[in-house]
Amino acid sequence: MVKKTKESIGSKAAKLAQDTAASLNKGAETIAQVRSNVGAVAGAITTGRAQTVGAAVDVKQMVGTDRGASQHRTEIVKDTDCFGGLSVPVTDFGGIVPSDLLKPAIGVTATAEELTEGLENYAAGTRAQKLYQAGYKFIEEVGKTKQARHRAQSSIIKGATEGVKVQQEMVRFDRQNIELETDMVKREQSAEKLNQEDVKLLGMQKETTQITRKIEAIEAKRDAEINVIDTQTRDILQKFMIESINS
């Protein structure tokens with residue numbers, strides 16, 4: 001029977017939330033009615049709060065911001081422990097300070113043995129705290145040392161990288177020198193080839209000169225032979241003419 005009551009309360013709350021969301025657009029009068037409905041729902045939800053808390057949050061947000069929400073929202077509870085988990089004992093200072101300084105009635109007292117033991121405990125605790133502090137400072141120094149080690153490693157890596165870059169530049173320099181020497185050899189080869197061509201050209205010129213001289217000698221000999229033939233021919237003609245006249 002209790003379960004049925006919880007379900008009916010949850011259904012009523014969800015229905016009220018839907019009705020409230022639909023009626024927000026009607027104006028201030030509808031919003032006032034929604035607020036009264038929210039009050040009724042908040043009063044009715046007792047044992048069934050686990051099922052209706054989402055709808056109630058939606059209704060409250062719709063009323064406060066004039067806009068609806070179709071899904072339940074989770075409220076964030078912030079941590080208010082400002083002491084970080086440390087518990088400070090409560091001291092009744094009213095019982096410590098006497099009301100009559102001439103006849104003091106101090107409620108909190110300690111014997112000499114308790115004082116000695118307490119002071120020893122506080123001294124021992126203080127020494128322990130100093131050890132804790134020294135330990136944490138040592139851990140801090142270890143962290144600084146580790147950072148310094150990483151910085152040293154980074155510096156070494158950077159130095160090695162720069163060394164590799166220098167080697168690369170040296171290789172580029174050597175390669176450029178090799179290419180320069182190769183170009184110089186090619187230039188010398190081209191010059192040698194040019195000299196060989198000059199020698200060939202000079203030989204061809206000499207050969208041409210010799211051929212020209214030979215041709216000129218042949219032509220001179222031919223001209224001389226022609227002149228001899230012409231002279232003999234003239235002599236023969238003259239002789240023939242003389243003989244013809246005499247006869």
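Here, each number is a calculation from the coordinates, and none is a lab measurement. Every value quoted in this text rests on a predicted model; they were computed, and no experiment measured them. Note that we place each Cβ from the backbone using ideal geometry, even for glycine, and neighbour counts take in every protein chain shown.
For region 177-188, 3J(HN,Hα) computed residue by residue from phi via the Karplus equation (6.51, -1.76, 1.60; θ = phi - 60°) reads 5, 4, 5, 5, 4, 4, 5, 5, 4, 4, 5, 5 Hz, glycine and proline entered as x.
The simple Förster model, with R0 at 45 Å and r as the Cβ-Cβ distance, assigns Arg149 and Ser99 a FRET efficiency of 0.10.
Between Glu207 and Ser244, the FRET efficiency from the beta-carbon distance, with R0 = 45 Å, is close to 0.25. The phi torsions of region 159-176, fed into the Karplus equation with coefficients 6.51, -1.76 and 1.60 and a -60° offset, translate into couplings of x, 5, 4, 5, x, 4, 4, 5, 4, 4, 5, 5, 4, 4, 4, 4, 5, 5 Hz, rounded to whole numbers, with Gly and Pro shown as x.
Please compute the net charge surrounding Gln189, taking Lys and Arg as +1 and Asp and Glu as -1 over other residues with Cβ under 14 Å from its Cβ.
Values: positive: Lys186, Arg187, Lys193; negative: Glu181, Asp183, Glu188, Glu192, Glu197.
Counting the neighbours of Gln189, the net charge comes to -2.
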